[in-house]
Amino acid sequence: MTQIAFIGLGNMGLGMASNLAKAGHEVKALDISKDAVAKAVDAGCIAAKNAKDAVETADVVVTMLPAGQHVSLVYAGEDGVFGYAKKGAVFIDCSTIDVATARDVIAQAEARGFAMIDAPVSGGVGGAAAGTLTFMCGGTESAFDCAKPILDAMGKNIFHAGDAGNGQVAKVCNNMLLGIHMIGTCEAFNLAEKLGLDAQTFFDISRTASGQNWSMTSYCPAPGPVESAPSNRDYEAGFAAAMMLKDLRLAQTAASKAKAATPLGTQAEAIYSLMEASGNDGLDFSGVMKLINGTL
Ligand code: NAD
């Protein structure tokens with residue numbers, strides 16, 4: 001049994017913390033929302049009184065927070081993890097945040113003698129609840145080895161992507177590609193329909209031809225061909241357009257710092273911004289089809 005502090009028990013964190021408790025670990029739960037902590041207690045965790053109480057006896061601290069500023073605050077802030085953690089504690093930040101902040105917080109942890117990895121996830125709320133998340137990890141080999149048994153209780157595929165921050169790099173690059181091929185797939189299905197080719201026939205042809213991609217074959221944005229796709233439930237999320245936009249913005253921030261040309265990533269961000277501006281970013285990200293075909 002490992003003593004774990006889990007900070008950030010929202011949509012994702014709740015399922016992840018529950019799985020750690022189910023695996024027999026002692027999990028102290030901390031969140032600024034009392035409601036979130038109460039749900040974690042119902043799922044087998046122990047309510048922490050404050051940051052000190054959560055962290056001071058923990059072998060491992062796991063965080064699942066909204067954005068970079070929350071991660072900086074929770075670790076390096078006045079009442080933060082760095083001030084209370086015991087010697088030898090390992091930190092795992094599973095939040096999706098900007099690469100620069102991830103690298104900065106890990107460098108600060110290491111300067112204080114702690115081991116830390118960034119470990120953003122894919123798999124969504126369903127994957128968090130089922131314990132089937134994919135983790136993309138960045139950090140030293142030894143930090144990754146310490147974190148791995150804990151990640152195994154929450155996920156199915158655990159990748160070590162290299163040095164600190166590389167988990168975030170893998171996550172934003174993958175999701176930038178996903179946003180781009182989702183929009184491209186919507187354009188192709190919409191054009192096919194306007195030219196008189198129905199979605200199912202186009203799907204049958206294109207999935208065995210060179211246009212084949214995941215957005216089409218597993219998550220088709222045109223209603224019909226893929227039964228489980230959100231397009232068949234009026235684009236109920238799933239993976240919300242707002243979450244896709246967050247990741248596309250992180251990709252643009254990273255691209256601009258790295259001076260990497262991402263013209264299609266820039267376009268994808270602009271297109272998902274229109275979903276946000278029109279108040280439709282609560283739809284699934286495949287709902288960008290409605291923007292493309294003029295039914296939004
Ligand atoms: P969420 O908003 O539901 O949960 C975040 C939790 O953090 C909230 O309960 C909030 O109260 C808590 N929190 C904020 N500041 C805090 C602080 N200072 N101290 C303690 N708790 C604090 O978000 P979520 O959907 O669970 O997502 C969490 C992270 O996972 C995000 O970075 C997101 O991008 C990423 N992610 C989400 C999904 C998804 O489908 N929801 C998928 C993959 C990755």
* Within the group 41, 27, which residue is surrounded by 20 or more Cβ atoms within 10 Å (Cβ to Cβ) and more than 8 Å from the ligand (Cβ to nearest atom)? -> 27
* Just checking, which of 149, 223 is open to solvent by 70 Å² or more (accessible area, probe 1.4 Å), more than 15 Å from the chain's Cα centre (by Cα) and within 30 Å of residue 22 (Cβ to Cβ)? -> 149
* Say we look at the range 44-73 and pick out the residues that are part of a loop (DSSP other than H, G, I, E, B) and surrounded by fewer than 14 Cβ atoms within 10 Å (Cβ to Cβ); which of these is farthest from the ligand (Cβ to nearest atom)? -> 49
* **Test for residue 257: is it over 17 Å from residue 184 (Cα atoms) and either within 16 Å of the ligand (Cβ to nearest atom) or not assigned by TED's automatic domain parsing to the domain that holds residue 189 (or both)** => no
* Among 257, 171, 194, which is the only one that is open to solvent by less than 40 Å² (accessible area, probe 1.4 Å) and among the charged types (D, E, K, R)? -> 171
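Residues checked against (1) out of contact with any helix residue (DSSP H, G or I) (no Cβ under 6 Å at 6 or more places or on another chain); (2) part of a helix (DSSP H, G or I); (3) open to solvent by 10 Å² or more (accessible area, probe 1.4 Å):
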{"residue": "264", "(1), (2), (3)": "no, yes, yes"}
{"residue": "280", "(1), (2), (3)": "yes, no, yes"}
{"residue": "286", "(1), (2), (3)": "no, yes, no"}
{"residue": "296", "(1), (2), (3)": "no, no, yes"}
* **Residue among 50, 11 that is in contact (Cβ under 8 Å) with a residue 24 or more places away in the chain and within 27 Å of residue 173 (Cβ to Cβ)** => 11
* To do: Give the residues of the range 13-24 that are part of a helix (DSSP H, G or I), of a type outside the set (D, E, K, R) and either open to solvent by 40 Å² or more (accessible area, probe 1.4 Å) or modelled with pLDDT under 95 (or both), sorted by residue number.
  => 14
* **Hits in the range 126-142 - residues which are open to solvent by less than 20 Å² (accessible area, probe 1.4 Å) and more than 19 Å from residue 98 (Cα to Cα)** => 127, 128, 131, 133
* Please indicate, with yes or no, whether at least one residue in the range 200-218 is in contact (Cβ under 8 Å) with a residue 60 or more places away in the chain and within 16 Å of the ligand (Cβ to nearest atom). => no
* Give me the pairs: first residue in the range 171-192 and without any contact (Cβ under 8 Å) to a residue 60 or more places away in the chain, second residue among the hydrophobic types (A, V, I, L, M, F, W, C), beta-carbon distance under 6 Å, and six or more apart or on different chains, which are they? -> 185/216; 192/202
* **Subset of the range 107-126 that is within 8 Å of the ligand (Cβ to nearest atom) and touching a strand residue (DSSP E or B) at 6+ places or on another chain (Cβ under 8 Å) - its residue that is modelled with the lowest pLDDT** => 123
* Asked: Failed condition for residue 202, given (1) open to solvent by less than 80 Å² (accessible area, probe 1.4 Å); (2) out of contact with any helix residue (DSSP H, G or I) (no Cβ under 6 Å at 6 or more places or on another chain), with all others met?
  -> (2)
* To do: Sort through 92, 97 and tell me the only one that's under 17 Å from residue 9 (Cα atoms), near the ligand (Cβ under 10 Å from one of its atoms) and under 24 Å from the mean Cα position of the chain (by Cα).
  => 97
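The values are calculated or read from the model by the stated rules, or taken from the named source; none is laboratory data. Treat the numbers as computed from the prediction; the structure is a model and nothing was measured. Every residue, glycine among them, receives a Cβ derived from its backbone with ideal geometry; neighbour counts consider all protein chains shown. Please note that ligands, DNA and RNA were not included when accessible areas were found on the heavy atoms of the full protein model with its side chains. Shrake-Rupley method; radii C 1.70, N 1.55, O 1.52, S 1.80 Å.
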